[in-house]
Amino acid sequence: MKNLHKLFSILIIFIVSSSLSIAAEKVEYLKTDWSFKGLFGKFDRASLQRGYQVYTEVCASCHSMKYLSYRNLSEKGGPEFSEAQAKAIAASFEVTDGPNSDGEMFTRPGKLSDKFVMPYDNVKAAQAANGGAYPPDMSVLVKARGGGVDYIYSLLQGYEEAPSNVSLDDGVYYNKYMYGNKIRMAAPLSNGLLEYGDGTSATVEQMSKDVTTFLMWSAEPHLEARHQMGFKAIVYLIILTVLVYFSMKKIWSRVESEV
Amino acid sequence: MSDHDYRPKSKVGQWFNDRLPLLTLANHLTDYPTPKNLNYWWTFGGILTFCLITQIVTGLTLAMHYIAHADMAFESVEHIMRDVNYGWLIRYIHANGASMFFLAVYIHIFRSLFYGSYKAPREIIWIIGIIIYLLMMAAAFMGYVLPWGQMSFWGATVITNLFSAIPLVGEGIVTWLWGGYSVDNPTLTRFFTLHYLIPFLILGLVVLHIWALHVPGNNNPVGIDIKKPSKDTVPFHPYIVIKDGFALLMFMIVFAFFVFYAPNILGHADNYIEANPMVTPAHIVPEWYLLPFYAILRSVPDKLLGVVAMLSAILILAVLPWLDTSKIRSAVFRPLYKQFYWILVADVLILGYVGAMPAEGLYLLIARVATAYYFLHFLVILPVLGFKEKTLPVPLSITEPVLGGSPNFAAARNKESKIE
């Protein structure tokens, strides 16, 4: 028996230490206080609206967001622009429609029901314009990266001078959070790059946080509804469980066995 | 069974029951004498039934909105997540439901291993269970392919490629499985079809599983045959129904936590990247519940032998009732087996862990040792143990004390006095 315990403790120590060593190899991501985490996590509405501004003025020139529609911008649980604002945003984009009765394609101002306009016609065009690298679609980007929001938030602030032992090709940049440290995207943000409508100072840190919040929403547009329903569901289940527990005790009191 | 002479009270009931004895069946199910000492490990049968029904109901709903086409599958899943009313809820229940299903089935299987539930006269129940488990793995694997993300695509490529290890006809079989020369649209549509079919096969087998169970009745923690009905048993309803219900609710709380607060934690981030045949992910890993077998597969240097080892690891379970030579069922009375049981549990957990790690260096070495031990347990330790082990005295019934010297004497005596 004693030997067995020894064996077990060795195994456990081994597993814990090896998982720790793996964790140690990973880069520590930058942390910030995300309002959407936790049991009652909600999006910061103002941050989402600023994030949309960063996306549309900076990211959208290369990154598509093909699963979102303009109507989503005014829906509950999102940036919650007013319907008039969302309509105005949609109308500011030219959308290709058609064919019309003459068989011709035509352009018209965007409508709420339109999907976000894509920056390039197709993947090849996107690659051609970006030195062969395809800027990934951003709709579910946060969920498609291991580190999630922390990773994106860090990556946006992770640009630095390459260490002397790293040589970079043309159009490749050094980022300390990127897998392999080499990234084809130039640092997209710089202090004061844009002017926020609500007067918030547009630092790289602030813009990173806002746009990452926006990307979290774009990946999980029903996150708030999920958290709200989850809390109700779990409270309901716990109450029911307690009631059933006492019913069970009562029923089993007729026989001697313990439950 | 004693309930065959059941007669419904009402005239209509009698008329119906004479023609189709459904009421006799219902009566059998409610009165079914169940050992009264079943512990909470026995509640997972009911929990698994719940899991199967949940997967079928949510799956049917998803199938109404999902499009099984290589160009549209990923988009249709996003459509479900965004635009279908409560689509996110249904999909997250379905995706996490698969993990919950496997969590429950592993507890169910290991409960059976601990208490010797696979032994005579319950071999058929056990073998049907193994077939259900195999079908579950097939269904889960194909279901994981349907969202057509990177891990879907490359997982499908890796697993289907295993068949190419078969000598002579291997390559032909793989082409036939794919419906082409790579994993592509024909593969997706047939996987969808099979993913839709298998749960109903499982449902049928579950009926047989329960039917076969109701012939000898439940095993129990003491592992002895009991008289039915007797003071060792309670009717299934309400005693077991309420207990299973309580355990199910506890299980649902865990389930709900995953669905509402960590819906993607058990999945892989790469599966939110649309499938791209030109880009291979850095690490191709299956879902967590397949990792132990993945570790066994990779621990053998030869591809064909690796596949053979992986399949044997599952199929060896089917002959377990004959590999275990001990006459005593429950590990409670088998002091040595109990220790080996826990080593096996640790071994499988270690296999799962190394299955998630890259197959190189120390991980590979550990995987090889753990794989060897897995087979050693079933092929050597279990058969030998049945002859060598000095088992403890087994009580004659659940309520009656054993004849002198048993460590359970006091406990059994205690229970006895409570009845009086």
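The values are calculated or read from the model by the stated rules, or taken from the named source; none is laboratory data. Model, not experiment: these values are computed from the prediction. Every residue, glycine as well, gets a Cβ built from its backbone with ideal geometry; the counts of neighbours run over all protein chains shown. Side chains are part of the model used for accessible areas, which takes the heavy atoms of the whole protein and leaves out ligands, DNA and RNA. Shrake-Rupley method; radii C 1.70, N 1.55, O 1.52, S 1.80 Å.
Over all other residues within a Cβ to Cβ distance under 14 Å of residue B:15, the charged ones net out to +3, with Lys and Arg as +1 and Asp and Glu as -1. Only Lys, Arg, Asp and Glu carry charge here, each on its Cβ (+1 for the first two, -1 for the last two); on that basis the stretch A:184-259 has a dipole of about 500 debye about its Cα centre. For residue A:95, the residues whose amide H sits under 5 Å from its own are A:108, A:110, ignoring neighbours fewer than 5 places away on the same chain, with H placed 1.01 Å from N.
What trypsin sites (Lys or Arg not before Pro) in the stretch B:1-78 are in a loop by DSSP, with at most 13 other Cβ atoms within 10 Å of the Cβ? Those satisfying the criteria are B:9. What do you get for the angle between helix A:204-219 and the principal long axis of chain A? Use alpha-carbon atoms, 0 to 90 degrees, nearest ten. Roughly 70 degrees, rounded to the nearest 10.
Neighbours of residue B:321, meaning other residues whose beta-carbon lies under 13 angstrom from its beta-carbon, give a summed charge of +2 when Lys and Arg score +1 and Asp and Glu score -1.
Across chain A, the mean sequence separation of Cα contacts (distance under 8 Å, 6 or more residues apart), normalised by length, yields a relative contact order of 22 percent. With Rh defined as the Kirkwood radius, the inverse of the mean 1/r over Cα pairs, the Rg/Rh of the stretch B:37-194 is 1.04. Which links in B:9/B:231; A:249/B:36; B:231/B:338; A:37/A:232; A:250/B:231 stretch past 25 Å when you go from one Cα to the other? Too far apart for the 25 Å limit: B:9/B:231; B:231/B:338.
Note on chain B: GNM, Cα springs under 10 Å; of B:71, B:18, B:232, the largest mean-square fluctuation is that of B:18.
Dipole magnitude for the protein assembly as shown: computed about the Cα centre from +1 point charges on Lys and Arg Cβ and -1 point charges on Asp and Glu Cβ, it is near 3100 debye. In this view, the solvent-accessible surface of residue A:87, computed with a 1.4 Å probe and all protein chains in place, comes to about 110 Å². Estimated from helical segments only, the mean residue ellipticity of chain A at 222 nm is -13500 deg cm²/dmol, where each DSSP H run of four or more residues counts as -39500 (n - 2.57).
Sorted into 10 angstrom bins from 0, the C-alpha pair distances of the protein assembly as shown split as 3, 12, 20, 23, 19, 12, 7, 4, 1, 0 percent.
Annotation: amide H-H contacts under 5 Å for residue B:389 (H modelled 1.01 Å from N, sequence separation of 5 or more, or interchain): none.
With a 10 Å cut-off between alpha carbons and a GNM built on chain A, which of A:216, A:178, A:248 moves the most? In this elastic network of chain A, the residue with the biggest mean-square fluctuation among A:216, A:178, A:248 is A:248. For a paramagnetic label modelled at 7 Å from the Cα of residue B:30 toward its Cβ, which residues of the stretch B:220-241 fall within the zone defined by backbone nitrogen distances under 11 Å? Once the point is set 7 Å along Cα→Cβ of residue B:30, B:237-238 turn out to lie under 11 Å by backbone N, inside the stretch B:220-241.
For the stretch B:65-111 versus the stretch B:257-320, the spacing of their alpha-carbon centroids is 17 Å. Label reach from residue A:170 (point 7 Å along Cα→C-beta): in the stretch A:111-133, amide nitrogens under 16 Å belong to A:128-133. Ranking B:103, B:89, B:76 by how far each Cα lies toward the positive end of the dipole of the stretch B:70-122 (charges on Cβ) leaves B:103 at the top. Based on DSSP H assignment, which helices of chain B show an axial Cα extent of at least 24 Å together with a mean Kyte-Doolittle hydropathy greater than or equal to -1.0? Span-like helices, by this rule, are B:44-63, B:87-115, B:123-145, B:185-214, B:241-261, B:335-355. Only DSSP H runs of four or more residues enter the estimate; each adds -39500 (n - 2.57), and after division by the residues of chain B the mean residue ellipticity at 222 nm equals -20000 deg cm²/dmol. Selection among B:146, A:219, B:370 by position relative to the dipole of the protein assembly as shown gives B:370 as farthest towards the positive end (Cβ unit charges, Cα centre). Which translational diffusion coefficient, to the nearest whole µm²/s, is obtained for the stretch B:1-112 from the Stokes-Einstein equation, given a Kirkwood hydrodynamic radius over C-alpha pairs, 20 °C and 1.002 mPa s? The calculation lands on 121 µm²/s. Between residue A:37 and residue A:229, the FRET efficiency estimated from the beta carbon spacing at R0 = 22 angstrom works out to 0.85. Taking the stretch B:33-48 and a reference point 7 angstrom along Cα→Cβ of residue B:6, the backbone N atoms nearer than 17 Å belong to B:33-35. The residues of the stretch B:56-91 occluded by other protein chains by 30 Å² or more of accessible area, set against the chain on its own, are B:75, B:78, B:82, B:83, B:88; surface from heavy atoms, 1.4 Å probe. Assuming charge only on the beta carbon of Lys and Arg (+1) and of Asp and Glu (-1), the dipole of the stretch B:164-309 about its Cα centre is about 540 debye to the nearest 20. Filter the GluC sites (Glu not before Pro) in the stretch A:177-227 to those in DSSP coil with at most 15 other Cβ atoms within 10 Å of their Cβ, and list the result. Within the stretch A:177-227, the qualifying GluC sites (Glu not before Pro) (loop, at most 15 other Cβ atoms within 10 Å) are A:195.
Comparing B:248, B:156, A:196 along the charge dipole axis of the protein assembly as shown, the residue lying farthest to the positive side is B:248, per the Cβ-charge model.
Against the empirical curve 2.2 N^0.38 Å, the C-alpha radius of gyration of chain B lands at a ratio of 1.10. Taking a sphere under 12 Å around the Cβ of residue A:32 and counting the other residues whose Cβ falls inside, with K and R at +1 and D and E at -1, yields a net charge of -2. Against the longest principal axis of chain A, how steep is helix A:223-252, in degrees 0 to 90 to the nearest 10, with axes from Cα atoms? The helix A:223-252 is inclined about 10 degrees to chain A. Note on residue B:39 and residue A:182: with the Förster distance fixed at 45 Å, the Cβ-Cβ geometry gives a FRET efficiency of about 0.20. Here r is the Cβ-Cβ distance between residue B:197 and residue B:161 and R0 is 22 Å; the resulting FRET efficiency, rounded to 0.05, is 0.45.
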